[in-house]
Amino acid sequence: MSISDRRWQIYPEHRSLAEKIALKLRKSPLLAQVLLNRKLHSLEDMLFFIGQISTDSSEPSHTMMHPDMDRLTEAAQLVHGHIQKQSKILIYGDYDVDGVTSTTLLTWALREVGATVDYHIPHRFTEGYGLSTKILDKLKQNQYGLLITLDCGISNELEIRTFKEALPIDVLIMDHHTIPDVLPPADAIINPKFLSPDHPNYHLCSAGIAYQFMAFYRHYYKLDFPLEDHLDLVALGTIADVAPLTGNNRLLTQKGLDILSRKGRAGLFELLDIAGHKKEAVSVRDVGFTIAPRLNAAGRLEHGKIGVELLLASDTRLCRDLAWQLQKTNEKRQLICATILDDAVAKAEAEFDPETDKILVLSGNNWHAGVIGITASQLVRKWSRPVVLIAHDGQHGRGSARSVGGVNIYRYLKQASHLLEEFGGHKEAAGFSILADRISEFKTVLRGLCNDQITIEELLPVLEIDAKVAATELTLELAQELAALEPFGSANPTPVFYTDELRAIDFKTVGNGNHLKMTLTDAKNKVAIDAIGFDLSSKIELLYKDHLELAFNLDINRWLGKESLQLQILDIK
């Protein structure tokens, strides 16, 4: 079994049930099968998912219901009390896109209802991740009465206890991370992880939490302000945080993308213009590959507060200046990433044996700790191995890990955690800090653990396929129908189909020889479909065969006002 292979895993077919559902939905059985694959088992859920049942997500019936209604009420009363007595409020966010967008949204909304609000985004390298006691002097000097944490706080029991012991300050936590065994001594906590996993708000990121809280606050105190106009921030935070696009995440993101596409936020308009975005609509991909990297670049290399300044600004000249600053910071980030990637590849070729090693662990003393996670992801794609990169300065190191296939990288870091100062993360990605003089031993131990315990099968990326289709089922109408399932993203991937009824009648490499462009037809030449396969040029020899197995997405190609079906080939066998 080659490590470059992908495991194709097709969902169980429910033809009879899909046909019955299709009649109820007035859609195709293929769409019904995809809905079943997305674990939507009631007709009402399916109708809601494809937009045939509408709802207003700003209403309190769609916020955090019991048992968290009490938490919402407690938090709303806490905030309202501080606004009434005109005490100062500090919002403490995070330096990633979710932290920046949630801080922007809550700062704007609280100012809109009369609060005196400042915000603080920590510096990645001087304050670190999460809530820091380094703001204690700032809290004292400015005499803040209320501290609100966003995208952090739930694990900061020590820091919050320190603040409460030193100051007469109230603390409200808004966070979406895992609930710890010991809760911080905050005055109120809002976290969707208190809900059951099947609740529509369970996977809200911090931008979604801030939005739902202010929707509840507006309803509770019978206020009127245009909160829905700021759903673009929720879409940004949700997509950039790779939060599951299910439940209310999907609904809020759907509405937020519509608002993003209007390009009414001055800062984002300038950012998209400088980035060369010319399309009318803003898609999930545009957020992930155009907006988010530029906002994240500030937190990685300079200071995340630049992103909040851009999103809050309305002056065109200021927005243009800030957008250019983010653009240039992102270009700098790209150059740094390219340098680290070249260095890491050279080290890998000297230290890594792709025939025997099941993990790639590298370190460098001239690497930028703020971007090594990006490089780790690139190396995962190159070698189909979990990758751990460590940037160190001779005394301390910061590590970033990315996984592949079914490998739980957190599990292996935990086994080697006696060599780490601290670590955290989950199955797919993790981070840690380490003393430089322990790096060599750590690399040896982690490699040994992974080489002994990881199987070849675990390393293979899994391509989940929704259904096998006949060539004659591949139509523009089907592609248009599947668009009702958008936006696609985490937990709601673009539908993947499989067929063995097509062969290539014309093909060539494009894009510097990396990609395949082809025309496909069936055995009876009844269909002719254009297709593109990104990064599949290594499989060109397979196209000479009369029998192909193809895994693909359905795309709609738009050119000169006309639409046509195009397949995006994901794999060929």
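No value in this document is a laboratory result; all are computed from the given coordinates. No experiment lies behind these values; they were computed from the predicted model shown. Cβ coordinates were reconstructed from backbone atoms using ideal geometry, including for glycine residues, and neighbour counts include every protein chain displayed.
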Over its Cα atoms, what ratio of radius of gyration to 2.2 N^0.38 Å does region 61-244 give?
0.94
Modelled FRET efficiency - R0 41 Å, Ala491 with Lys88, Cβ distances, 0.05 increments:
0.55
So which chymotrypsin sites (Phe, Trp or Tyr not before Pro) in region 176-238 end up in coil per DSSP with only 13 or fewer other C-beta atoms within 10 Å?
Tyr221
About its Cα centre, what dipole magnitude does region 507-551 give when the only charges are +1 on Lys and Arg Cβ and -1 on Asp and Glu Cβ, stated in debye to the nearest 20?
120
For region 192-350, the dipole about the Cα centre with charges only on Cβ (Lys and Arg +1, Asp and Glu -1), to the nearest 20 debye, works out at 120
If a/c stays under 1.5 just call it rounded; otherwise compare a/b with b/c (prolate if a/b is bigger, oblate if not). Do that for region 352-459, with a ≥ b ≥ c from the square roots of the Cα gyration tensor eigenvalues.
prolate
Hey, what angle do you get for helix 372-383 against the long axis of the chain, alpha-carbon based, 0 to 90 degrees rounded to 10?
20
Which of Lys278/Lys517; Lys24/Lys468; Lys138/Lys414; Lys305/Lys443 have a Cα-Cα distance over 31 Å?
Lys138/Lys414; Lys305/Lys443
Could you give each residue of region 119-135 its phi-based ³J(HN,Hα) in whole Hz, using Karplus coefficients 6.51, -1.76, 1.60 with θ = phi - 60°, and x for Gly or Pro?
10, 9, 9, x, 7, 3, 9, 9, 10, x, 7, x, 6, 10, 6, 5, 8
Of Val97, Leu158, Ala18, whose Cα points farthest to the positive end of the dipole of the chain (charges on the beta-carbon: +1 Lys, Arg; -1 Asp, Glu; origin at the Cα centre)?
Val97
Can you work out ³J(HN,Hα) from phi for every residue in region 410-418, in order, using Karplus 6.51 cos²θ - 1.76 cosθ + 1.60 and θ = phi - 60°, giving whole Hz and x for Gly and Pro?
4, 4, 6, 5, 5, 5, 9, 5, 5
Pair Glu228, Gln141: separation of 7 Å Cα→Cβ label points (nm):
4.3
Size of the dipole of the chain about the Cα centre, Lys and Arg at +1 and Asp and Glu at -1 on the beta carbon, nothing else charged, in debye to 20?
600
What FRET efficiency do you get for Thr472 and Leu335 if R0 is 45 Å and r is their Cβ-Cβ distance, rounded to the nearest 0.05?
0.35
I'd like to compare 370-383, 423-436: which one has the highest average count of other Cβ atoms within 10 Å, and what's the full order after that?
370-383, 423-436
For a quick check: with amide H placed at 1.01 Å from N, whose amide H comes under 5 Å from Val113's, ignoring anything fewer than 5 positions away on the same chain?
none
Scaled radius of gyration (Cα, divided by 2.2 N^0.38 Å) that the chain gives:
1.02
Tell me, Ser206, Ser28 in order of fewest to most beta-carbon neighbours within 10 Å?
Ser28, Ser206
Apply 1/(1 + (r/R0)^6) to the Cβ-Cβ distance of His80 and Asp45, taking R0 = 30 Å, and write down the FRET efficiency to the nearest 0.05.
0.30
Which residue, His80, Phe225, Ile209, has the largest displacement toward the positive end of the dipole of region 61-244 when charges sit on each Cβ (Lys, Arg +1; Asp, Glu -1)?
His80
Could you give the distance between the Cα centres of region 31-48 and region 357-415, to the whole Å?
38
In degrees, nearest 10, the alpha-carbon axis of helix 206-220 is tilted away from the dominant principal axis of the alpha carbons of the chain by 60
Using helices alone, what [θ] at 222 nm do you get for the chain, with -39,500 (n - 2.57) per DSSP H run of 4 or more residues, divided over all residues and rounded to the nearest 500?
-12000 deg cm²/dmol
Antiparallel bridges, percent of DSSP beta bridges restricted to the chain (to nearest 5)
60
